[in-house]
Structures are given as C-alpha cells and as structure tokens.
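One structure below.
The values are calculated or read from the model by the stated rules, or taken from the named source; none is laboratory data. Every value quoted in this text rests on a predicted model; they were computed, and no experiment measured them. A quick note on method: Cβ atoms are made from the backbone with ideal geometry, for glycine too, and the neighbour counts reach across all protein chains shown. Just the protein is used for accessible areas: all its heavy atoms, side chains included, with ligands, DNA and RNA removed. Shrake-Rupley method; radii C 1.70, N 1.55, O 1.52, S 1.80 Å.
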Amino acid sequence: MDSEVELEHGGIKVDGELGWGKSLPVPSVQEMVRNDSEFVPERYIQESKDRPLDSTFYPKFNEIPAIDLSLLINGDEDELHKLDFACKEWGFFQIINHGVPEEVLGEMKAVVADFFNLPLEEKKKYAMAENDLQGYGQAYVVSEDQKLDWGDLIYLMTSPLEARNMKYWPTTLSGFKEAVEEYSREIERVSEEIMASMSLLMGMDKNGLKRLHVVRKQSMRMNYYPPCSKPDLVLGVSPHSDGGSITLLLQDDDITGLQIRYKGTWLPVKPIPNALVVNIGDVVEAWSNGMYKSIEHRAVTNENKARMSIATFVIPHEGIELGPVESMMQDQPRMYKTMKYLDYIIHSLGRKMDGKAHTNFLKLENES
C-alpha cells in the first residue's frame, strides 16, 4: 500500500474507507443464539489451552488500581505516583471521579443496546465494507479456519469529524448520533487529562504526548456478547493488546467479563459502577521504551446474561514514527524499533488477535 497517498487525505481514503485492512464476514452470534440458544458451533470452541477457567478456579486477586482523576487534575503527588505504578505494574487502572455525567454514560449504554436490538436486516445496512474495519460485523477475522469470538460489534471512527464515515452510523436510530457525540467529547477530555499526567511522568511537559500524536484520533468499538450455554468453551474476545495509545472502556456495572493477564494468570476486572477502565496501548509502550506496559486482555462470556461494552481508542496520526522518546532512554538501552505507525497497524490488522505478538513486532530483535 502506498502510505504517501493515504496520508495526503489524513489517512482516510477518498471513498471514506480506512484502507487499513479488512475482516472476513462471519455470521451474527446474536442471531445464532436467538435461533438456538444451546448450540455452540465448533468454530467458536477454543483450543483447550485457550479456554477460560470456571470462575470458581480463579485465585484470590488484588483489584487493579483505582485512580481519582479529580486529584490528578489538581496535581496531587500521591495520585500521580499511583498512576505511575499502575502504568508500570498493571497497564490497567480504573478511573473514578472523572466528571463524565452519569446520564451521559447511561445514554451511551442505552443507544448501543438499541442498536443491537435492531432486526438483523437493519443492522446489516451498516455492515463492514470489503476494505474497511468500520461498521457492523466482527474484527480480526483473517482466515476461514481460525477460531471465532462469541460476540458482534460495530466499529466507528468518531474524531476528528473528517475521519467519520457516516454511512456506518445508524443515524435513523433515535438519539444514537447525539449520544455518541456527547460521550466522545467527554472521553476526549478525560483522555487528555490522563495523558497530560502521563506526559509529566515520562519526563516531558504536560503536552508531550499530545504533540507526539500530531493529530489525535478517536474510534469506538461497541461490543455485544450474547449469553453462551457453554461459557467455559468460548471467548467473547481473544487475548490481545490494544494497538492505540490508550483505551477507555465503559462496561456493564453488574457483569464481570474483562480479564487481564497479570503475572501469567488471568484475573477478572470487577467493574466499579460508573468508572472507566483505562489501559495502556502498544503505542505508549513503545514511546515509553517498555516502561509502561500494554497488557494482554480478553473477554469471557456469561451463561445467563448478555454483556455490552464500549471501548474508545485514542490513536495517533498514521504518519507518526513509533519509537522510544529520549527521556525514556536515560536509564536503560533502547528496546523498540522506529517505524511508521501506519506500517504497524497494517501489520496488526492483517493478523488474528494473538496475545502480545503485535507488540513484539515493535521490539528490537534481541528484545522480542
């Protein structure tokens, strides 16, 4: 692919398609469960080593750190140290007192539920195109024989405005566009505050990460995980790390589905009502020279209840170069290559989700 042509249009092809890769079309899991709630097709049954444990087998675990954003904004040193520890040790944390109104969170969840409640034929109007990852379907399906995830999704570019492709937005759904736009604005504010604190911790001024992005983009992946009669055999989302800078997740308050790999063990992330779960992406791991960790995570399913989540990804401009910033190479040697972000996302999106394999592609050979 000619990256120079792509970048002339801000990384968006003239016809509105991203052109970053594609995912093969697969059946709607939601529809499959509607038709037969007991049957689990072979293609969704994970290999024995990849299957989730029954929840009773999880070891007692410490909950991931909770960071108070109101304290961070006011320059609280203790909270800043907590953030530093969370990024280094966990790669995940929950943000409380973030200032996003409860009604904005509630409305966002409601319109996502409304979308997935539409008839299948209506949802198919927003199906992913041949060479696009925006729209309704499933992501990272690159071969006819790989194992599939037990879930459906709709993926949208939300910011900047020119990055949007409105043909994938279900604008006939009452309140959908308005709710997504309001939530998008709030998440942009929260992510900016988090990255300002991270910039200081990384030895830059508070606008350091903002400058590195050149153009800060935002996308949303809205997930629907139907109930599964055999939740110990399937995964809602396969193990992976995120390819952006940071991710902010809004999830159901009463169903635990997200799990992170911590010290070799899968740990459930118990939701804190109205909190946002934040995780470090591969871009920040590379910029921080591996100091901040982009952690492998996955989603499991529930036997009795459907679960929804909304992941918002902060993404740099495709033309930027990934590689450690100078301030993160003072105390240790360089661990990561320099490469164009566009080359990295094309590499990642052309492969199935496979743990930390995508991040390893960024590392210098003697460190991978």
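Each Cα pair under 8 Å and six or more residues apart adds its sequence gap; the mean of these over the residue count of the chain is a relative contact order of 22 percent. Test of understanding: extend the Cα→C-beta vector of residue 63 to 7 Å, then name every residue of the range 260-282 with backbone N under 16 Å from that spot. From the range 260-282, the list is 260, 267-278.
For the pair residue 303 and residue 127, label points projected 7 Å from Cα toward Cβ lie 3.4 nm apart.
In this structure, the amide hydrogen of residue 278, modeled 1.01 Å from its nitrogen in the peptide plane, lies closer than 5 angstrom to those of 93, 94, 95, 249, counting only residues at least 5 positions away or on a different chain.
Computed with a 1.4 Å probe on the full set of protein chains, the accessible area for residue 34 sits at about 120 Å². Counted as membrane-span-like here are DSSP H helices of the chain whose alpha-carbon atoms extend 20 Å or more along the helix's own axis and whose Kyte-Doolittle mean is -0.5 or above; these are 102-116, 176-201.
With a 1.4 Å probe and all protein chains left in place, how much of the accessible area of the chain comes from carbon and sulfur atoms, in whole percent? Could you put the intermediate results ahead of the total?
Values: 7970 of 15920 Å².
About 50 percent, which is the carbon plus sulfur part of the accessible surface.
Per-residue accessible area (protein heavy atoms, 1.4 Å probe) orders 69, 161, 118 as 161, 118, 69, starting from the largest. DSSP beta bridges fully contained in the chain are about 90 percent antiparallel. Computed with every protein chain present, the accessible area of residue 158 is close to 0 Å² [probe 1.4 Å]. Estimated from helical segments only, the mean residue ellipticity of the chain at 222 nm is -7500 deg cm²/dmol, where each DSSP H run of four or more residues counts as -39500 (n - 2.57). Ranking of 123, 270 by solvent-accessible surface, largest first: 270, 123 (1.4 Å probe, protein heavy atoms only, all chains present). Which shape class, rounded, prolate or oblate, goes with the range 184-234 when its Cα gyration tensor gives a ≥ b ≥ c as root eigenvalues, a/c under 1.5 marks rounded, and past that a/b bigger than b/c marks prolate? Judged from the Cα gyration tensor, the range 184-234 comes out prolate (a/c at least 1.5, a/b above b/c). With each label modelled as a point 7 angstrom along the Cα→C-beta vector, the residue 53-residue 167 pair spans 4.7 nm.
Whole-Å semi-axes of the range 263-320's equivalent ellipsoid, largest first, each the root of 5 times a Cα gyration tensor eigenvalue?
On the way: eigenvalues 141, 49, 24 Å².
Sorted largest first and rounded, they come to 27, 16, 11 Å.
Looking at the range 55-184, what % of the alpha carbon pairs are farther apart than 20 Å? More than 20 Å apart: 64 percent of the Cα pairs in the range 55-184. When the chain is modelled as a GNM with alpha-carbon springs shorter than 10 Å, which of 81, 213, 240 fluctuates the most? Most flexible of the set in this elastic network: 81.
Between residue 145 and residue 178, the simple label model (points 7 Å from Cα in the Cβ direction) yields a spacing of 5.2 nm. Of all the options 251, 330, 259, the one that moves most in a Gaussian network model of the chain with Cα springs shorter than 10 angstrom is 330. Note: relative contact order over the range 137-272, using C-alpha pairs below 8 Å and six or more positions apart, is 26 percent.
Largest GNM mean-square fluctuation among 252, 68, 114, using the chain with Cα springs under 10 Å: 114. Summed over the residues of the chain and divided among them, the accessible surface reaches 43 Å² per residue at a probe radius of 1.4 Å.
Pull out a ≥ b ≥ c, the square roots of the eigenvalues of the alpha-carbon gyration tensor of the range 133-204, then state rounded if a/c is under 1.5, prolate if not and a/b is larger than b/c, and oblate in the remaining case.
Values: a/c = 2.69, a/b = 1.33, b/c = 2.02.
Oblate is the answer for the range 133-204, as a/c is 1.5 or above yet b/c matches or exceeds a/b.
In this structure residue 150 has an accessible area near 0 Å², from a 1.4 Å probe over the protein heavy atoms.
Remark: the range 263-268, residue by residue, has Karplus-estimated 3J(HN,Hα) of 6, x, 10, 7, 10, x Hz, where x stands for each Gly or Pro and the curve is 6.51 cos²θ - 1.76 cosθ + 1.60 at θ = phi - 60°.
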